[in-house]
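The values are calculated or read from the model by the stated rules, or taken from the named source; none is laboratory data. As the structure is a computational prediction, the values presented were derived from the model and not from experiment. Every residue, glycine among them, receives a Cβ derived from its backbone with ideal geometry; neighbour counts consider all protein chains shown.
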Amino acid sequence: MPLGSLDFDVIVVGGGVAGAACAALLALQDRRVALVDARRPSFRAPDGEYDPRVVAISPGSRRVLVGAGGWQRLNTERLAPYQRMEVHSASLQVAFAAAEHGLDELGWIAEIPALETAVWEALEHDKRVQLFAPGGWERVELVQNLVRLQLIDGPQLRAGLLVAADGARSRLRRHAGIEIDEWHYNQEALIGPVTTEQANRGLAWQRFTEHGPLALLPLPDGRSSIVWSQPTERSRTLRELSSDQFAEEINRHQDSPLGAVTAAGNLHTLPLVRRRARRLVQNRLVLMGDAARSVHPLAGQGLNLGLLDAAALAEVLEHWDGKDPSPALKRYQRWRLSQSTLIGGGIHAINEVVRAPAGLGRHLLGLGFGLTGQFWPLREAFVARACGIDSDSPKLARVGPTA
């Protein structure tokens, strides 16, 4: 039975890192925010092991997380900063160093559950935010002047804006009738920790192999987390190999400065699907994060795009008076839909090119890397875009919090 009704300025459905950060940033504008999620994260770091769900956080995304109050709550001993990046294809490569571009770091490798818990801890200390978790909804009404969300065995929530941050299979997106374009790569990402001859102290390394892109990302204890995207059947076969067998196979495809892989930890696979919503706004509903798009992991941009969505939405709503949000939402849609197309489409194109037969795609990509390495303006533009600090990024990502 409904338990009355509660009024808010904004309702956010989905409490992953990006959705929780969005709720925090909107609350900073003195808005009453409701956050609804099926679970309440509570990450407790296991001794001596790292969660396989790690992600590269860009400098721009770090500033967004600082603004949301989450980054400050992380255990810095479980973060792995990297100052160097190398990308190889065929016989050519491009390398970047943070110091060359006026940066302290190019990024940080962080555990996704730790990020979630940190932002939620910030929300729990914010009286402007009410958390409905664990919780779910059974009915939503998107009318011209109001949003009504009926919780299961809970109250009806009413607000002027509903944010769908409920993931790649967004139920709110489907309810609103927003169509998506979808590509199944028939690939899986093989992820897990590996030990190399040399400890990894700040190198993000990637090679486009004959089977798909292989990345070695630093972990705080000197190991590396691999992300190896390849055909589904092959990925699942490799997952079942012994540590020694897997080390032998991966060493056939990597020649990083870290030396040979000597051992592998528990390996996991994730199916790879690209999705892109054809629009991001429907009346007073707005999509963000994976509900707006999901991209191939070869560039490590998925969560970073979601955090930039959160900052962009907060920016366009800065002067919203609580009445008609359509002018602000139209600006958000133009801004973030173009970013989805540019970055997601670019990543998709790279993945398709490198799959060309006889290694032709890898050679073409290598030539592109060679050109990028030779021309400083291209290098600067690439780093600014990858770090989320280019001129098209939200102000919070470019300059950081003002207080």
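Worth a mention:
- Flag if Leu238 is in a loop (DSSP other than H, G, I, E, B), outside the structural domain of Arg331 (by TED's automatic domain parsing) and either of a type in the set (S, T, N, Q) or more than 30 Å from Arg334 (Cβ to Cβ) (or both): no
- Residue match in region 229-247 (condition: in contact with a Pro (Cβ under 9 Å, 6 or more places away or on another chain) and among the basic types (Lys, Arg)): no
- Remark: Phe43 matches the filter, which requires a residue to be in contact with a Pro (Cβ under 6 Å, 6 or more places away or on another chain) and of a type in the set (Phe, Trp, Tyr).
- One residue alone among Trp205, Trp228 is among the aromatic types (Phe, Trp, Tyr), in contact (Cβ under 8 Å) with a residue 40 or more places away in the chain, assigned to a strand (DSSP E or B) and surrounded by 18 or more Cβ atoms within 10 Å (Cβ to Cβ), and that residue is Trp205.
- Filtered residue count, region 156-178, keeping only those that are of a type outside the set (Val, Ile, Thr), assigned to a loop (DSSP other than H, G, I, E, B) and crowded, with 16+ Cβ neighbours inside 10 Å: 7
- Residue check for Ala80: closer than 24 Å to Ala23 by Cα and at pLDDT 95 or above: no
- Glu249 vs. criteria surrounded by fewer than 22 Cβ atoms within 10 Å (Cβ to Cβ) and in contact with a helix residue (DSSP H, G or I) (Cβ under 7 Å, 6 or more places away or on another chain): yes
- Each residue in region 91-125 was checked for being in the same structural domain as Trp71 (by TED's automatic domain parsing), assigned to a helix (DSSP H, G or I) and not polar (S, T, N, Q), and 12 pass.
- Residues that are hydroxyl-bearing (Ser, Thr, Tyr) and either more than 25 Å from His101 (Cα to Cα) or part of a loop (DSSP other than H, G, I, E, B) (or both), drawn from region 49-81: Tyr50, Ser58
- Identity of the residue in region 253-268, touching a helix residue (DSSP H, G or I) at 6+ places or on another chain (Cβ under 6 Å) and not in a strand (DSSP E or B), that ends up farthest from Leu216 (Cα to Cα): Leu267
- Applying a threshold of 8 Å to beta carbon distances and a minimum spacing of six or more residues, or different chains, the list of pairs starting in region 388-403 at a residue that is touching a residue at least 12 places away in the same chain (Cβ under 8 Å) and ending at one that is surrounded by fewer than 23 Cβ atoms within 10 Å (Cβ to Cβ) and hydrophobic (A, V, I, L, M, F, W, C) reads Asp392/Trp335; Ala397/Ile389; Arg398/Ile389; Gly400/Val66; Pro401/Val66.
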